[in-house]
Amino acid sequence: MADMRAFQDAISSWATGGPGEPAGELAVRLGVRTAVLLEGPSDVEAVEALAGQRGRDLAAEGVCVVPMGGAMSIARYAGLLGPPGLGLRLAGLCDANERGFYDRGLERARAPRQDFFVCVADLEDELIRALGTTRAEETVRAEGDDLRAWETFLRQPAQHGRPRHQQLRRFLGTKKGRKIRYGRLLVEALGPAQVPAPLDDLLTSLTSR
């Protein structure tokens, strides 16, 4: 895992103007075959949590999960890691309203689109809907550090009358690092039959080749 983290760091450095040789050398040494391109670290936590629940060791399978820092980075990362660059198979998740960025970025990189799966709003929205608002709220309330913050949040005038689903989704983004933590916690709260289709399809696709 530490070596795969080093590969992730090398990719991030390359994407921001650093040299590409370290990433290329690590890809060969680690036997990386697939890069899973995700918007940010909360999505990474969710994918890795589900893989762990299913007994999958993605690193051992030659799969690296890569946070890009936003949907508009897809062209850059696809170009570096896909056919024009390291030649890795690409997979990932995208939000419905950002699908255009992905379509254009993958087309520029001459990368197939079939292994990218679309969330209606974002992955947090998918997880909350899959769990149901009652179970999702129980997950928040079970975290002692967030219980008081959640209750304070609900008293804010802007939240009065809003559907609980929207309140939960907004709450996850109100503090730095909270979305990342709940990316894992919400997945761990899911039953086997509750996994949202985009996340389930992504994990399934990683076993198909």
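The values are calculated or read from the model by the stated rules, or taken from the named source; none is laboratory data. A quick note: this is a predicted structure, and the numbers were derived from the prediction, not measured. Neighbour counts are summed over all protein chains in view; Cβ atoms, including those assigned to glycine, are modelled from backbone coordinates with ideal geometry. Please note that ligands, DNA and RNA were not included when accessible areas were found on the heavy atoms of the full protein model with its side chains. Shrake-Rupley method; radii C 1.70, N 1.55, O 1.52, S 1.80 Å.
The set of residues in the stretch 7-35 being out of contact with any helix residue (DSSP H, G or I) (no Cβ under 6 Å at 6 or more places or on another chain), touching a residue at least 12 places away in the same chain (Cβ under 8 Å) and aliphatic (A, V, I, L, M) consists of Ala27, Val32.
Among what's in the stretch 152-181 and is of a type in the set (D, E, K, R) and free of Cβ contacts under 8 Å to residues at least 60 places away in the same chain, pick the residue that is most open to solvent (accessible area, probe 1.4 Å). Among those residues, the one meeting the criterion is Lys176.
Here is a yes/no grid of residues against (1) touching a Cys at 6+ places or on another chain (Cβ under 9 Å); (2) of a type in the set (A, V, I, L, M, F, W, C); (3) at positive phi:
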residue	(1), (2), (3)
Arg113	no, no, no
Glu138	no, no, no
Asp146	no, no, no
Leu154	no, yes, no
Arg181	no, no, no
Pro196	yes, no, no
Ser205	no, no, no
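If we scan the stretch 6-13, do we find a residue that is open to solvent by 20 Å² or more (accessible area, probe 1.4 Å), under 24 Å from Met72 (Cα atoms) and in contact with a Lys or Arg (Cβ under 6 Å, 6 or more places away or on another chain)?
Start the filter on the stretch 6-13 by keeping residues that are open to solvent by 20 Å² or more (accessible area, probe 1.4 Å), which leaves 6, 8-9, 12-13.
From the residues that got through so far, the ones that are under 24 Å from Met72 (Cα atoms) too are 6, 8-9, 12-13.
From what's left, in contact with a Lys or Arg (Cβ under 6 Å, 6 or more places away or on another chain): none.
Checked the stretch 6-13: no residue is open to solvent by 20 Å² or more (accessible area, probe 1.4 Å), under 24 Å from Met72 (Cα atoms) and in contact with a Lys or Arg (Cβ under 6 Å, 6 or more places away or on another chain).
Scanning the stretch 1-58 for residues that are among the aliphatic types (A, V, I, L, M), assigned to a helix (DSSP H, G or I), touching a strand residue (DSSP E or B) at 6+ places or on another chain (Cβ under 6 Å) and farther than 28 Å from Ala121 by Cβ yields a single hit, Met4.
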